[in-house]
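Report on one structure; see the data block that follows.
Quick note: the coordinates plus some simple rules give every number you see, no bench work behind them. The structure presented is a predicted model; accordingly, all values stated were derived computationally and were not measured. Glycine also receives a Cβ, built like all others from the backbone with ideal geometry; neighbour counts cover every protein chain displayed.
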């Protein structure tokens, strides 16, 4: 006999919340090479992902932190240096590209509809007309994205750790994918 969490018997049993993850991937800004990624489990699995940002402008040194506004789960953080180079501070370590499993040879995951994220009003003038296809290309055959549908929530942020006379070779795309196991 199969029982669900909604049966009379389960009124005395606490059913676990389904997992709710944010998968995050890094793609190089100039080469579109896959740099790695990680996943974070959200604290409250029933809330939807609401991206929010704390940003400190780099007079000389600044930083940016992206988090889920509904439960304050940190998703990404990095320093920004004027005429220098900052670095990713959260997470401390990411999975290497070689640690990700590929899907079957002929399976390709459709690109989601990206919502572009900006940390402030001055950042939104960079690459307004972005072709997301080459950015998605190195990710489309990973098992970690096989669950995606074209309407799945997806966010993309251009992290520029070097500004002023910053070098675009230091920059990379940060892609956030909202996975909720229903």
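Let me have the relative contact order for segment 18-180, percent, based on Cα pairs under 8 Å that are six or more residues apart. Can you show the working numbers first?
Details: 345 pairs, mean separation 49.0, N = 163.
Here the relative contact order equals 30 percent.
To make sure I understand, if each residue's beta carbon is the centre and we count other beta carbons within 10 Å, what order do 99, 146, 152 fall in, fewest to most? Walk me through the intermediate numbers first.
On the way: 99 9, 146 14, 152 17.
In order of increasing Cβ crowding within 10 Å: 99, 146, 152.
Using label points projected 7 Å from each Cα along Cα→Cβ, tell me how many nm separate residue 50 and residue 71, to one decimal.
1.4 nm
Could you calculate the contour length gain from residue 41 to residue 98, that is, 0.36 nm times the residue separation minus the distance between their Cα atoms, to one decimal place in nm? The partial results should precede the final answer.
Details: separation 57, 0.36 × 57 = 20.52 nm, distance 2.21 nm.
Gain on stretching residue 41 to residue 98: 18.3 nm.
For the residue pair residue 107 and residue 143, what label-to-label distance in nm results when each label sits 7 Å from Cα along the Cα-to-beta-carbon direction?
In this crude label model, residue 107 to residue 143 measures out at 0.9 nm.
Normalised radius of gyration for segment 18-180, please: alpha carbon Rg relative to 2.2 N^0.38 Å, two decimal places.
Working: Rg = 15.4 Å, N = 163, 2.2 N^0.38 = 15.2 Å.
Ratio of Cα Rg to 2.2 N^0.38 Å: 1.01.
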